[in-house]
Structure formats: structure tokens, C-alpha cells
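Before any comments, here is the structure.
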Amino acid sequence: MTMRFGNPDRPNSYIGKTVPRPNAGRLVQGRGRYVDDIVLPRMVHVVFVRSPYAHAKIKGIDASEALAVKGVLRVFTGADIATVCTPWVGVLAHLKGLKSPPEYAIAVDRAAWVGEPVAAVVASTRLAAEEAAALVDVDYDPLPEVTDMMTALDDATPVLHPDMGDNLAFERTHVEGDIDAAFASAHKVIEAHFKTGRHTGVTLEPRSILVDWNPGEGHMTAWHATQAPHMVQVVLAEHLGMPESRVRVICGDVGGSYGIKVHIYPDEVATAAIAKIMARPVKFIADRLESFTTDIHARDHEIWGRIAVAEDGEILAFDIDDWTAIGAYSVYPRTSAIEGNQVVNLCGGPYDFKNYRAKTTVVFQNKTPTSQYRAVGHPIAVTVTEGLVDMAAAALDMDPVAIRHRNLFADDAYPATSPAKMRFEGLSHHASLTKLVDLMDYDALRADQAAAKARGVVRGIGIASFIELTNPSPMMYGIGGARISAQDGCTVRMDPDGSIVAASSVTEQGQGTEAMLSQIVAEGVGVLPTQVRIVTGDTQSTPYGGGTWASRGAGIGGEAALQAAKALRNAILEVAGAMLQCPPDTLDIRDGAVVNMSDGADRMPLSELGRIVYFRGDTLPKGLPRELVQTRHYTPADYPFAFTNGVQASYVEVDTDTGHVKLLKHWCVEDCGRVINPQLVDEQIRGGIVQGLGAALFEELHYDAEGQLLNGSMADYLVPMAGEMPDMIIAHVETPTLESELGAKGAGEAGTAGAAAAVMNAINDALRPFGGEVTAMPFTPERVLRGLGKLQD
Amino acid sequence: MKASVGGYARATDLRHALDLLAQSDGMGRVLAGGQSLIAAMNMRLSTGDLLVDINQIAALKGVTLDGDRLRIGALTRHAEVATDPLIARHAPLLRRATDLIAHAAIRNRGTIGGAIAHADPAAEFPACALALDATIHVDGPDGPRDIPAADFFEGLFETTIQDGEILTAISLPIAEDGEWQVIHELARRSGDYALAGLCVVRRKAGHRIVCISVGSHPELVPDAMARMDAGDIDGAVVALRAAIDPPSDTQASAAYRRHLIGVLLQRAAADLNGEPQ
């Protein structure tokens, strides 16, 4: 049976509707179960001693005072852990030239960033372990540190890893068309320098892991706040020397991830190694202060960009020179080169133009490693692209909407390939922009802006089109040799009373995965969503799959769930046909009962079918299949990625005396293909926008020249908060992917991708009459004032 | 992180609290609202404290009018300052300040006595106390003392409270007819410590100006006050910018704060020239 998504009155029509989240009641009742809620017999706590130096040789470690603290059991050094745990190297074969040295779970003889673990203290309580950690005496010999991105490759700068030869981790240049000719012939060339602030994800629940090793069974169980349990299973098995079948990773409730929890962290692997050595459960919960120096950072980029335009506004060329600094090691196993690589892939993404050159230069430095954080690379690419497009429009005296309509890929141009060689199956840039302009009442807003100006109030409107990479195929990681699955699977089972259990390899991070799966399975089988129990986050009881990252849960995990549910439906109807002595294709399942396909008349509740199959199978024809459990997997294959598109707008008010920016309103129209649960998608977009607004106005990690983090606390590192958030109006255009029956693409990163660029363009729209401009995020009051030329010192 | 606490005792009255402090061998710390102290302990910036909890001491609570002075008990919560009718009428600066202090949960616990005793240069109440010419009442082993706010704040988180003393209340002259009390500040986010701020009080005797977040502790700015008395707002801005020595940090540079404080004074002056309050 094919799904008739176009008909809202179809039976069991849950896909496309806002249905309640099955886990919401549990969470609001305080019945969530996060890693730190789990207490096991004989459990101990580990606290890490962390390097106070950005770069230092470790000459010796004296733990005698620490070991004297009551409750302390063991103190481990890097060498101790290395006896059971092999180091790793965060490279991918398809990122040609990417290099990184072996990284140990605990630094062995050299610390390379402030916060790198150098010893571990295990005690019966967290308090005792903290007391003792302060008493571990590490003898450091400070080494020269590399902390400035733009001089990292200079001859005068010390080489951070002498074995690597230089401080260059990765470099890629992509050229398409004739850049030099395009710029030489352009009517206008606009050049700008952009900066995006180094920031981090700040999850509500910090990184958490509890590991139990049972030597009797040779079996390890890790309760882990992660996005990718199967990836963690692979890594623990490989580096701690166990078969994968003997490693079980359980990912229960997770308090937000945003990409932060999709990486392998040295302290978490060390926790597993310690559990194996001590043969007792070991818990590590990162505290908020150590999270700032040990959770991955992201977005630390400087970009020089040029755009060439013709007199009529046609974009002739983009030329992008991107620099980023990643820390001392490329993060395992996804690497730290993806972000820069994405900038090359995504700049100019929405536009149909011919000539493109983009280069990314990724350097090592003695800071916290950077890696993938929500909307990897997108906010940087969108900021540069949309910033340049608006500057070009201003130079041509063109309206920002008009220059976009002039250059966006036509809605009937697909399939299409961008100058960066990204393949688009079907996008809706013009329809989305038109919808946005209607939604925000663009002309009325321009009138309001002019009226405000007349009374001395400075306001600006900014627009940012974007593309978003979702549903990654094996072309993202698998092709590079990483054991990171691009497939997802779902097992759907009918229990004797007719209720359904579905186990999926995608994980719930708080974003509503289980709600999305429950409505897909309910519709696919033909039962109520409340009759579906969803199981996620357990490598031992779910099919194999990638998990939650790169906006893949609904598009890939959802399709696997749909196909498994439909297979179960067919299996049920085969039995029902035999019981009711009619062809299965004359029957349907609706609201948990077998009915006539033609008139919907009730034939048999699923509980009766379950009773017969499970308890009186003797009454069924011999040889009749009665497989009321079905598993399906899905891997995207037609396209490397399912690109989505969208456009955002921001309306801001700028206080030109103080530089303070007030967000008045924000709009987003995006196209994630089939919308499965409108409310969940809207809230994904809103949450993503909030993180993008954080990038625009608030979030920035500051380091000094010695590599010390200067603002690693919630008092000094400003996350976006409710008081500053504007109303956000969200709407959708739906262009389902034809690659899957479900047609869903991802929606997790669209909000973050475009929000900061929209705000930047809005601020610059406000500042332009004063000759001001800002291009370095976040746009603090001081930077805005300096952009206006009102502050000299 | 886990706080490392030396001990905890709940005082039943002021005498008990003073005795507990006297017995603490210098490790005693008064626990009122705990909105700064507990955070510091949880970051292990302060360890081994013997906490003397004064929250149950009835004598430290309440707002009373005593002739032409308003007395505010040390344990008065920020949320109570925000809604107290006597404060709204006689010291509107304090009520306005509560709109700028942190978030609801913090205002529900934090106390005015704790905020003034903590003497954070970025906090509103210490600056307000000096701008309003408050008197700080303390009690200790040698009996009670009354300290003018001008003699109370000594340096970064430093006051003239002695070891073993407890801040019991503040009192201040009630607002005159036609008195102006204005507070202006700019913070990156609602409830954050201000990048810079100032309180301006205009009385018959003249203007009083105290800044927030631009020095080590609240201080009057006589040159700027004199320019304001003379009606020279531009001169006051110049004098104020010259008088302060603001810090540079990850939020803003000293140059920005110096610029901002002048803008805030101009805005305060514009308020002062509006309708009487």
C-alpha cells in the first residue's frame, strides 16, 4: 500500500499532524532517567586532574597526598590508562591531507590545552575525588604555546606537534569556472572580512557516562549521554580490546546535545578504561566549569570573501578564503576538518552562479579542540555569502529581496549541481522567499523602518537565504573509513494484546524523536500513537544505525520506521486474511482493528489476532507465516545529502549611542520536505534560531595569548536567554525528497544556519545610513559602536 | 563541583548569630540569601566556611518608617524591595533597581543586606545605598555601630564591617518633595551585571551620582555632581568620564565603559528634566 500523504482525511493520518510526545508526561513528572540518576552497587566516581597550561611537558605526577584523602581508591596517570586503552587518530581518508597525532585518553607526557586530562582520581564520592584531585601534584615544564590562528603557519611560530612537520592540519581549495576573468569583468567587486566567534554548545545536561565492566562475562555496559550509541560501541570495543558484541551502550534520557555529544572525549574513554581496570562501575559527570574547557568548541573562523556582480545584479563569482583553528588534536572519529570543509561546500549555496573559488586552512593550536556543533559550517558560510550579497545589493542600490530573486536557483531548475559540486534534488528558494516576504509584510516593515527613522529610532531589516545539509549518506563519514553508520533501522513488533513496540537506532536527545517515530509507526501499522511504545538508545536491543546528528533522525530513522511498520501491517493482514478467509488486500488496519478496506467495517480487533497467533497458533494453517516482528533498514543512496533550503529575516533596533541591538522580530520559512509533526518541526526551527541569535549577539569564548580561557562560566559566557529572544514566526514550504517514501528531510539545523546572518544583515541595514558596518560576531554593543566609528581609543 | 563546607548553624536570634561568629575562629560566614556565597562555594572559590544562617532572625526583617527615615531590615529580599509600598514611596530608586537585578529566582532569595555587605561593584544596591546617603547599621561583639554609606565601601568586595559583625539594617532619608531618583544601566542581557550603570539622586542640597561596574567600589563623583548642580550636563559628562577608571574584560573595554557612562548620564539628565516623580 502506498501512503496517501496528500489526503488529510485518510485513515490513521498521524504523519503531518501535531501529536503529543509520548515521553513528555514522564519528563514533566520528574521521571526522566539521565546518566547521573543511575546508581549501581559498588559504583565509584572519577574526577580528572586537568592541565592548567595550554602546552606543557609532564615531568612527573605525585599522587601521595591525593591517595591519603579518605574515600580515594586510585589515581591513574596517562601511562596507567594506556596499558588497557590504545590511542586514536582523528582523520578521514576522503579529507585528503588531514593529519593529527595519536591522542591518548589521558595525556601521557605532554598536555596540549588547558583542560586536557592529565590524571584521574577515583573515589567513593565525587566530593572526595574533587578534594583529592586538587592535591595531585603534577610537575609541569611549560612549553611555548600556539594560540594565534593567523600566525600559526608562520616560520616564527613553534610547531605544536614536531612529528607533524608544521601546524597545518588540513587545507582544501575548490575552484570552478574562471575566477580571475569574472572578477576582472565585474561591474562591482565587494570585499569583506568576517569573523565568527569561537563558541560551544552548553547542553543543559553536561557530558555524562557510567561504565560497568563485568569480567565474569567479559562484557561492558556504558550508560552514556550520547547521540550515537553504536559509534561509541565501536570505539570502546576497538580501543579497549573487546568484541563489539560484548559492549552495550545505553543512551537513556539526554538533556540536549547540539552535536556536543556526538564525539569521542578522552575523559569518557578513560572512564571506561578505569572501569575495566577496577572491575567496578565508574561514573563521570562533567561539571559546568570543566565543560567549558572540554566540550568541543566550534565556529572559530576568519574569512576573507569577495563577490563579483554584474550591473543588473547577477552574481558572477564568489572567492572565499576561510581560516580556522581547531585545537591540538583533530577530534575522533568525525575529525575537526569537517567545519572548514563545509564552508567550502556551502558558500554561495543558494545561488545559481558560475565562478567559484574557496579555500579553507585548518591549523592546530593549544586550545580546546573544535568539532561539529549544530549546523556545522553552515552559519559561517551563510554569514559570508549573505553578508556579501547584501553588500553587493547596497553597492548596486538594489533591494535585498530583488538581488536574491535575481540569483537564487530557479524552483524548476532541479536536479541541479552547485559550483561547489553539491547536488540538489529539489529546492524551493523562490517560493520560500516569496512566502517570507508575505509573512513579514516586507513593504509595511520598510515603511515602519522609515517612520522609526523619522522619530530618531534606528531599525534594520536583514534577510538570509540558506541551504542545509541533511540525511547524510555514507559519503559523509563511511567513505573516509570511519565506522559511523549512515543507515538506521527499526524493529516493529506486535504484542499479543495488539499494542506495538518499535525499537529504533535513532536516539532521543529531548527533541522529540520518540514522538516522530510513534506517529510514523502508528500510521504505518494502523494503530493509535498511544498504542505504540518506542524504544531507543540501546545497542543491545535496537537495530544498528547512526543515531542523531546531521539532521538525519526523521529522514533516515523515520523512513526505516515507516517501512518496518508497513511490513508488520502486511504480516498482520496475511494472518488476518487466513483467519477471515479473504484476500489480505481487501483488509486494512485502522485504529487498532482489522477492517474491510472497502467500507471500513470492523472485522477483528488486533488483540484477537494476537491471541490466536501467540496462544493458539495450532488453529492457524500449517506453514502460514506469522512473523509479527519486522525489521527494516534505510540508507540514503541516490544523493550524498538531502539538501533543504530556507530563508530567514530579522528586524532589529540599534541604539547608536550605546551600540546595543534589540531583536524585534524574526521570521523563518524553510523546506524540510515532508513535515511529520508540525509543532516539533517549528520548535526545532525556533531552538535553532535561538542558537544562531546567540552566535550573532552573545556567544564567544575568549582566550588570552597564553591559551587560558578567560570566560569559562555561565556568568561570563553569555548564552541567549528568553528575555532577549524576539517573537519568531515560522512557516514551511514542503518539497518532499523522492528518494524515500516518507519524503522527510532534516530540520534540526536550519534555524541555526541562517539566524546570525539575518541579524548581521539587519544591523548593517540599520547602520548603513551612518556609514557603519559590522562583520565580526558576536555583535557586542562595543563592536557595533566601533562599527559606527563612534569609539576610538 | 561540590562545595566544601566547614559547618552550618542556624542562628535563632542576633545574639546567637554573633556568638556563633565569635566562636568560628575567623571562618564564620553569614548566610543570608546565599545568592553570591553559595555560588562561590560551589565553584570552590570559598572553602571551609562555617555558615551562620541568619534567615530565621525576625529582628533583621521588615521595612519601617521612623519619622523622616526609612529603615530596611537586612533580610529584606529583593522581591520584597520591589513590592514594598513604603520603599516605592520613599526610596523609589531601590524599587527601580530591582527591575535590573538578576532574575526572579535570585530576587526571591537575595537580600538587600547581603548585597550591600558583599559590596560587588557591579551590584545595584551598594550604589543605590551611597546615592541615597544611607546609613549602614551593623552589630557586633562591641555593640552596634552606624556607618555612613560614604564610609562603608572601601574596595573590591571590601567594606568597613569588622570580623564578627553582622549588617542588621540600612536606613535612609525619605525622598524630599520634588526629589529625583534615577537609575540607568546597560547590560548585555536582561538581569546580567551591567557593563556600566549609574544612580543619580537630585535633592535640594544637590546632585548625588554613583556609578556601577566602572570601579572597585561605589563612590560619589564630586566633580560631575558639581557640574550637574551648575546645570552643565555636557561638563558633567566630561567630568564623569574623567573621574572613573573602568575595567576592561571580555564583555567590554574600559574605553567603551567610559563612553557608555557618559551616555547614561545624558539619559539620566534627560529624565531629570522631565515631569517630577
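Points to keep in mind about this one:
- Selection of GluC sites (Glu not before Pro), region B:114-198, meeting DSSP coil and at most 15 other Cβ within 10 Å: B:Glu176
- Potential extension, A:Asp154-A:Thr530 segment - 0.36 nm per residue separation minus Cα distance: 129.2 nm
- Peptide packing: for A:706-715, A:781-790, the average count of neighbouring Cβ atoms within 10 Å per residue gives the ranking A:781-790, A:706-715, highest mean first.
- Of the residues A:Ile326, A:Val282, B:Gln162, the one whose Cα sits farthest toward the positive end of the charge dipole of the protein assembly as shown, with +1 on the Cβ of Lys and Arg and -1 on the Cβ of Asp and Glu, is A:Val282.
- As a rough footprinting exposure proxy, the listed residues A:His193, B:His137 were ranked by other beta carbons within 10 Å of their own, and the order from fewest upward is A:His193, B:His137.
- With a Förster radius of 30 Å applied to the beta-carbon distance between A:Ala447 and A:Glu191, the computed FRET efficiency rounds to 0.35.
- Sequence-separation-based contact order of region A:610-719, relative, with Cα cut under 8 Å and 6+ spacing, percent: 14
- Sorting A:73-80, A:395-402 by average packing, meaning the other beta carbons within 10 Å per residue, from highest down gives A:73-80, A:395-402.
- Filter on A:Lys453/A:Lys790; A:Lys261/A:Lys745; A:Lys99/A:Lys745; A:Lys359/A:Lys665 - keep pairs with C-alpha separation over 27 Å: A:Lys99/A:Lys745; A:Lys359/A:Lys665
- Note on A:145-152: average number of Cβ atoms from other chains within 10 Å of each residue's Cβ is 0.
- Cα gyration tensor shape of region B:5-53, rounded if a/c is under 1.5, else prolate or oblate by comparing a/b with b/c: oblate
- 19 Å reach of a label modelled at A:Met164, 7 Å along Cα-to-Cβ, counting backbone N of region A:65-104: A:87-104
- Peptide A:775-785 is shielded by partner chain Cβ atoms: per residue, an average of 3 of them sit within 10 Å of its Cβ.
- For region B:55-153: rounded, prolate or oblate by the Cα gyration tensor [a/c cutoff 1.5]: rounded
- Of the peptides A:442-454, A:35-47, the ranking by mean beta-carbon count within 10 Å, highest at the top, reads A:35-47, A:442-454.
- Global geometry of the protein assembly as shown, whether rounded, prolate or oblate, following the gyration tensor of its Cα atoms and the 1.5 cut on a/c: prolate
- DSSP bridge orientation in chain A - percent antiparallel, rounded to nearest 5: 80
- Residue mean of other protein chain beta carbons inside 10 Å, B:248-261: 5
- By other beta-carbon atoms within 10 Å, ranking A:Cys582, A:Cys672 with the fewest at the front produces A:Cys582, A:Cys672.
- Using a Förster distance of 60 Å, the FRET efficiency for B:Asp177-A:Val89 (Cβ separation, nearest 0.05): 0.20
- Sparsely packed trypsin sites (Lys or Arg not before Pro) within region A:605-654, loop by DSSP, other Cβ within 10 Å at most 11: A:Arg616, A:Lys622
- The ranking of A:Thr294, A:Thr173 by Cβ neighbour count inside 10 Å, starting from the fewest, reads A:Thr173, A:Thr294.
- The separation of region A:671-685 from region A:153-167, counted between C-alpha centres, amounts to 46 Å.
- Per-pair calculated FRET efficiency, R0 = 60 Å: B:Ala230 and A:Ala184 via Cβ, rounded to 0.05: 0.40
Each reported figure results from applying straightforward, stated rules to the coordinates on display, with no laboratory input. Predicted model, so just to flag it, every value in this text is computed and none were measured. Here the Cβ is made from the backbone with ideal geometry for all residues, glycine too, and neighbour counts use every protein chain on show.
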